[in-house]
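The values are calculated or read from the model by the stated rules, or taken from the named source; none is laboratory data. This structure is a prediction, so every number in the text was calculated from the model and none was measured. All Cβ positions, even for glycine, are placed from backbone atoms using ideal geometry, and neighbour counts span all protein chains on display. Calculation scope for accessible area: heavy atoms of the full protein, side chains included, ligands and nucleic acids excluded. Shrake-Rupley method; radii C 1.70, N 1.55, O 1.52, S 1.80 Å.
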Amino acid sequence: MSAALATAGARGALMTLGGQGLSVVLRLLGLAVLARFLDPTTYGVMIVATSIAAFAEAVASFGIPSALAQARGIDRVSESMLFMISLALGVAVAIAIFATASIVAHAWHEPGLEPVLRVVAAVPLLAAIASFHNVQLARSLRFGAVASIDIASTFLSFAAAICMAAAGLGIWALATQAVLLPGIQAMLGWAMSRWRPAFVLRWSHDERELLTVARQLFGINLVRQASANVVAPALSLSATPAAAGIFDRSVRLIQMPLTVSIEQMRRVAVPVLARVVDEPGRLGAYYRRAQQLSTYGTATLFLLIAALADGVVAVMLGPDWSDAVPLVRVLALGGVARAIGLTTQWLHIGSRATGRAARLNAWALPLVAVVSIAGVPFGVVWVAVFNSLGWLLYWPLAVVVSAKALGIEPLPLIADALRHLLSFALPVALAAAIAAHIAGDGIGGLVWGGGAALLVAVIIGVALPAVRTDLRGILNLVASR
């Protein structure tokens, strides 16, 4: 790798990290503001439309952007053919959603869902265009442009939604946001990208080979999107829209920090793991350190969210969402197992065995979804409980399958994670819960709980040599990247 390319890669990683961080802050602020203008029922109706749109996005993309990102030496004609295929799929999916809107609305007994679906039908098409140009910018190492588009589209779409919600337009605020986000991304991507399609038809070996790769990635994306977006619509078939809306916002509140933290830790862990992939002994030791990024970081964060759920909901959703407290608490507990289990993906990526990761997720993610849906007959809280149980199953299964495939002993990894949780994360969360209980609900409890958690974390770090060793090892892992 040339020095210039390495510098560009490092600069790109920094820009991506900063851009994603700012984007998450904007999303959290937008979530908090919108929740004060819109009631749970509005979100409960909208979740059906957004889930269908998210699944349709995976169909429309057909894995083409991911295949293009991995391609080497592809010419403009091949790129253009892939773009037109993606565009055609986006149009087909949009027409299908528009045409079946009344059927879906009837199935969910929500007449107001029909016009909303016909508006969000444009989302898969716009997302297909946006993702294609996003990949082109990334392939040109224009990471600043990618980050700028993400920030601008997030800010503008949330700003429009907040203005409409404040004006009393209800669900149309969410529908507008859903369309504006990929729409702005598509427009800015087209404007900032130097790439334009060549309207030349060709069907050669290059296009067939790229579509073969895309088809494999399509299956992975389809399973992932279906597993992620099937639970809330299934719940809304039997629960009230308000209950479904509360569940949806609770899930989003947990997913946002999880997605970002796992992605950012992946950037640290994967390059290190890739260096020792041919040495199972060292790979196991390095993965143990990489796993500690999650147990001491994200897993501890989720235990704190569970302990401080009253304050978290009061700040992020507002006083009218108190019914979300038990859901956030239960889902955060499941987030602990989810955060640790998802670190096994680093092993597959670091060893360049993404196919093995795909085979694991092909059955493990649907398993979580099926377990979650099993709670639907018992009510919304039980859906959250079953979802957490699903991730509790996923964690050891993912560790065992992933570790054995690479010649690593899995049981010490599971035992090590449990040790971190019991010696550090759990005492920190208990201290936060006790302090919040004494201080009372709301922001005051959140502040006092957070202060107590920090104090106990420092005490444990000073008092326990094993924890000090772990934290020193984590710092060395980050430095070695």
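Looking across the range 78-93, just one residue is open to solvent by 20 Å² or more (accessible area, probe 1.4 Å) and in contact with a Ser or Thr (Cβ under 8 Å, 6 or more places away or on another chain), and that is 89. Quick check, is residue 145 small (Gly, Ala, Ser) and either open to solvent by 30 Å² or more (accessible area, probe 1.4 Å) or closer than 24 Å to residue 218 by Cα (or both)? When the stated conditions are applied, residue 145 does not pass them.
Among the residues of the range 443-458, is there at least one that is surrounded by 15 or more Cβ atoms within 10 Å (Cβ to Cβ), among the aliphatic types (A, V, I, L, M), within 16 Å of residue 339 (Cβ to Cβ) and in contact with a Leu (Cβ under 6 Å, 6 or more places away or on another chain)? Looking for residues that are surrounded by 15 or more Cβ atoms within 10 Å (Cβ to Cβ), among the aliphatic types (A, V, I, L, M), within 16 Å of residue 339 (Cβ to Cβ) and in contact with a Leu (Cβ under 6 Å, 6 or more places away or on another chain), one finds none in the range 443-458, hence no. When you go through 132, 143 one by one, which is the residue that is closer than 21 Å to residue 157 by Cβ, of a type in the set (Phe, Trp, Tyr) and modelled with pLDDT under 90? It is 132.
Residue count for the range 396-435 satisfying the condition of being surrounded by fewer than 20 Cβ atoms within 10 Å (Cβ to Cβ), small (Gly, Ala, Ser) and more than 30 Å from residue 310 (Cβ to Cβ): 3. When 402, 388, 423 are screened for being without any contact (Cβ under 8 Å) to a residue 60 or more places away in the chain and in contact with a Pro (Cβ under 9 Å, 6 or more places away or on another chain), only 402 passes. Summed over the range 162-176, residues that are free of Cβ contacts under 8 Å to residues at least 12 places away in the same chain and either buried (at least 18 other Cβ atoms within 10 Å of the Cβ) or assigned to a helix (DSSP H, G or I) (or both) total 1. With respect to the conditions (1) free of Cβ contacts under 8 Å to residues at least 40 places away in the same chain; (2) open to solvent by 80 Å² or more (accessible area, probe 1.4 Å); (3) out of contact with any Phe, Trp or Tyr (no Cβ under 9 Å at 6 or more places or on another chain), residue 438 lacks only one, and its number is (3).
Output the residues belonging to the range 183-238 that are more than 24 Å from the chain's Cα centre (by Cα), at pLDDT 70 or above and of a type in the set (Gly, Ala, Ser). Matches in the range 183-238: 191, 193, 238.
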